[in-house]
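What follows is a single structure, written as structure tokens, with notes after it.
We did not get these values from a lab; they are worked out from the coordinates using the rules stated. If you're wondering where the values come from, they're calculated on a predicted model, not measured in any experiment. A quick note on method: Cβ atoms are made from the backbone with ideal geometry, for glycine too, and the neighbour counts reach across all protein chains shown.
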Amino acid sequence: MQTLIIIINIIALVFTGWFIDWALRHDKKKKMLVPGILVLALIVIAALPFYGSTYSMILMTSILMYIILTVSWTLFSGPTGYISLAPAAFFGVGIYTSAILGKHYPIISVVIIGGLISFCLAVLVGALTLRLRGIYFAIFTFGLVQLMSAFLLWYEIKFTGTRGRFVVVINNQTIFYIMLVIFISLLITSYFIRRSKYGLALQSIGQYEEAAAHIGINVTAIKIVVFAISALFMGMAGAIMATRWTYVDPYSAFDSFISFLPVLMAIFGGMRQFYGPVLGACIFAYLEELLLTKFPYYYKLSFGIVLVAVILYLPDGLVGLIQTLRNRISRGRNAIFS
Amino acid sequence: MEKFLDVAIAGLLLGGLYALIAMGLSLQYGVARVLNVAHGEFIMLGGMTTWTLFTVFHINPLLSIVVAGPIAFFLGFIIHRTLFKKLLNSSPNQGIFESNSMLASFGLMYIVQNIAFIAWNPNIRGYSYLQHPVDILGALFGANRLVTLGFAILIGIVFYLFLARTRMGKAIRAAASDPTTADLMGVNINLVLAICFGLGAAMAGVAGVLISICYPVHASMGMEYTIIAIIVVVLGGMGSIPGSFIGGFILGIIGSIVAYIEPGLVIVAYYVIFILLLLVRPTGILGK
């Protein structure tokens, strides 16, 4: 029964992601059926605390967290092709904001402050790394996470005398709803960025950066702003997630595995369509829940195998696979009728 | 003055090890264009294998080099032949190949690391071999450190001569500077790239053996050495053997100075150097 509830909720989440694709495609035609289903899907998700168990609510919170990380990663890295391995840095900043400020301020303001600090850090990182292309950008962002964790560990042991910190505990329902609000605002933000001229500018940066600069796009500013917006959501997710972990230390907060998860989830789901990253995140978050506590090594082993396999055999992810299958079916149908 | 000598010699000993680690990665990135993030995992495999051979079968660690080197070479060769060759063929341009192969090597890292966790469990292992102190200019160092430095320099020289004097070395240098033209000139490019990747892995394996003589080894040690190798390679310039040695010694000396002042900040210092370097001169000291 619990599994069924979770599967229904996952379908509702993927549908919510797919709705953005739909809205981007059918801008002029107004059909009421699809938005109707969207409202239904959102009600199903939002009402979960009233019919689901605490366990399903906690699981859905993790799934939402992974979706937020993956979708916000895709927001910048999908169209531009810059592989950012910094999600763990922004997520960790959110976690530490929560650990330091959580006792003194209400949770909503802590989440917003966490997001804003991540935003500022991303502006700084973006401004510094503009000259780096390709894998240098990836290594830089990867190094950033390690730097922050090493520095923080040294600072904590030297000046506070302890390794980790306790985070103020908040009830699961509040965490779930805040996560849901972050998720929905991320979807709305992504929709407007994609639809605006900035979305097109991002895509042209990904295809040919020099050409994009030559036709008058302010390449630098757009990259920094979108990178920072994606960091904002990661920081907010970190700030709220920390309250569930109750104890954090530099290693767990700035775990480079967190940086790879969104990359894998997005590539696995496929970045061509909006629902791809959502689908990838749902599948992996569920897989993690099944495997991580019982077989942690086998979970990370399968993580590696899937990463290699997807890069080799599924460059467009599950979405690409679905589209190939659909094309094949429709081609078959045409052959019969023509 | 004595303290200064202590720090300087410790830095040189550490630097030789770093140079050896970086040389393999430099070869893999400089010629095969794969930033092999799983490099440290080959070091870990070399170290763990040596530990197993020494404690279970009582085999001399220096003898393990003969075992670990060829096995690592074979593994690297096979991996390039299957995984990276396919990626190279399916990638539309070099930039995409570099990104994809880096991500694939991250996948490889998780695969090797977790197989090692399952095989050896995460405990820290160590053994003692050649630990009697040796006096250098009034400072005392373990004989194992000196052996490590000696091997690192020996391998560096042999490899440099291999690149400079042999037919295969010439083919590798040709493949590094222009793979397409090298291919047209009759160089079997896929074989050369696979051999380079295998040689890089073999150096990592040998470095792992030498590291296990000096330091404790464990299944999660790979990442730390991968990062050091990347920093040294970026410092010295991608694909340059002398660059690896210069970078290795610089980083080793900086490491031992920082360790003398504030031991907790060694890794932080490495990253600061790395990040500054990427911002100021991403091609490295000897890079083009």
For this session: Please report, in debye to the nearest 20, how large the charge dipole of chain B is about its Cα centre when each Lys and Arg carries +1 at its beta carbon and each Asp and Glu carries -1 there.
Result: 700 debye
Seminar exercise, completed: Shielding of A:70-78 by other chains, given as the mean Cβ count within 10 Å, works out to 0
For this session: Let me have the relative contact order for region A:19-127, percent, based on Cα pairs under 8 Å that are six or more residues apart.
Result: 16 percent
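Given a cut-off of 16 Å, what percent of all Cα-Cα pairs of region A:46-113 lie beyond it?
Looking at region A:46-113, the distances longer than 16 Å represent 64 percent of pairs.
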Exercise. If R0 is 45 Å, what FRET efficiency do you get for B:Thr181 and A:Thr162 from their C-beta distance, rounded to 0.05?
Worked result: 0.15
Problem set entry | Neighbour-count order for A:Arg133, B:Arg173, fewest beta carbons within 10 angstrom listed first | A:Arg133, B:Arg173
Problem set entry | Nonlocal Lys pairs with alpha-carbon distance under 23 Å, region A:2-330 (8 or more apart, or different chains) | 5
Seminar exercise, completed: So, over other residues within a Cβ distance under 15 Å of B:Asp183, counting Lys, Arg +1 and Asp, Glu -1, the net charge is +3
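Classify region A:179-338 as rounded, prolate or oblate, taking a ≥ b ≥ c as the square roots of the eigenvalues of its Cα gyration tensor: rounded when a/c is under 1.5, otherwise prolate if a/b is larger than b/c and oblate if not.
In terms of gyration-tensor shape, oblate.
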For this session: List B:Leu62, B:Leu276 from most exposed to least, where exposure is judged by having the fewest other Cβ atoms within 10 Å.
Result: B:Leu276, B:Leu62
Problem set entry | Size of charge dipole - region A:2-330 - debye, nearest 20, with Cβ of Lys, Arg +1 and Asp, Glu -1, no other charges | 580 debye
Exercise. If you rank B:Ile250, B:Ile155, A:Ile100 by fewest surrounding Cβ atoms within 10 Å, what's the result?
Worked result: A:Ile100, B:Ile250, B:Ile155
Exercise. Tell me, what HN-Hα J-couplings in whole Hz come from the Karplus equation 6.51 cos²θ - 1.76 cosθ + 1.60 at θ = phi - 60° for each residue of region B:102-113, using x for Gly and Pro?
Worked result: 5, 5, 4, 6, 5, x, 4, 4, 5, 5, 4, 4
Problem set entry | Cα-based radius of gyration of chain A once divided by 2.2 N^0.38 Å, which approximates compact folds | 1.01
Exercise. Suppose R0 equals 60 Å; then what is the FRET efficiency for B:Ser128 and A:Asn218 from their Cβ-Cβ distance, rounded to the nearest 0.05?
Worked result: 0.45
Seminar exercise, completed: Once amide hydrogens are built 1.01 Å from N within the peptide plane, the residues lying 5 or more places from B:Val217 or on another chain with amide H under 5 Å from its amide H are B:Arg125, B:Gly126
For this session: Any chance you could list the semi-axes, whole Å, largest first, of the equivalent ellipsoid that the Cα gyration tensor gives for region B:177-288, using √(5λ)?
Result: 30, 20, 10
For this session: Run a plain Debye calculation on chain B (Cα atoms as equal point scatterers, no solvent) and give log10 I(q)/I(0) at q = 0.14, 0.17 Å⁻¹, rounded to two decimals, same order as the q list.
Result: -1.01, -1.46
Problem set entry | Per DSSP, loop chymotrypsin sites (Phe, Trp or Tyr not before Pro) in region B:79-176 with at most 15 further Cβ within 10 Å | B:Tyr127
Problem set entry | Protection-proxy order for peptides A:38-47, A:53-62, A:224-233, each taking the mean of Cβ atoms within 10 Å per residue, highest first | A:224-233, A:53-62, A:38-47
Problem set entry | Volume of the Cα convex hull of the protein assembly as shown, divided per residue and given in Å³ | 189 Å³
Seminar exercise, completed: extent check for region B:177-228: Cα max minus min per principal axis, descending, whole Å, gives 48, 18, 16
Seminar exercise, completed: Calculated from DSSP helices alone, with each H run of at least 4 adding -39500 (n - 2.57) and the total divided by the residues of chain B, [θ]222 nm to the nearest 500 comes to -25500 deg cm²/dmol
For this session: State, as an integer percentage, the relative contact order of chain A based on alpha-carbon contacts under 8 Å between residues 6 or more apart.
Result: 29 percent
For this session: Evaluate peptide A:298-306: per residue, the Cβ atoms of other protein chains within 10 Å of its Cβ; return the mean as an integer.
Result: 5
Seminar exercise, completed: For region A:310-321, in residue order, the Karplus 3J(HN,Hα) values (coefficients 6.51, -1.76, 1.60; θ = phi - 60°; whole Hz; Gly and Pro = x) are 5, 5, 6, 10, 10, x, 9, x, 4, 4, x, 4
For this session: Could you grab the relative contact order for region B:2-223? Cα pairs under 8 Å, six or more apart, rounded to a whole percent.
Result: 47 percent
For this session: Provide a whole-number value for the mean count of partner chain Cβ atoms within 10 Å of the Cβ atoms in peptide A:131-137.
Result: 5
Exercise. By the scheme Lys and Arg +1, Asp and Glu -1, what is the net charge of all other residues having a beta-carbon under 13 Å from that of B:His80?
Worked result: +4
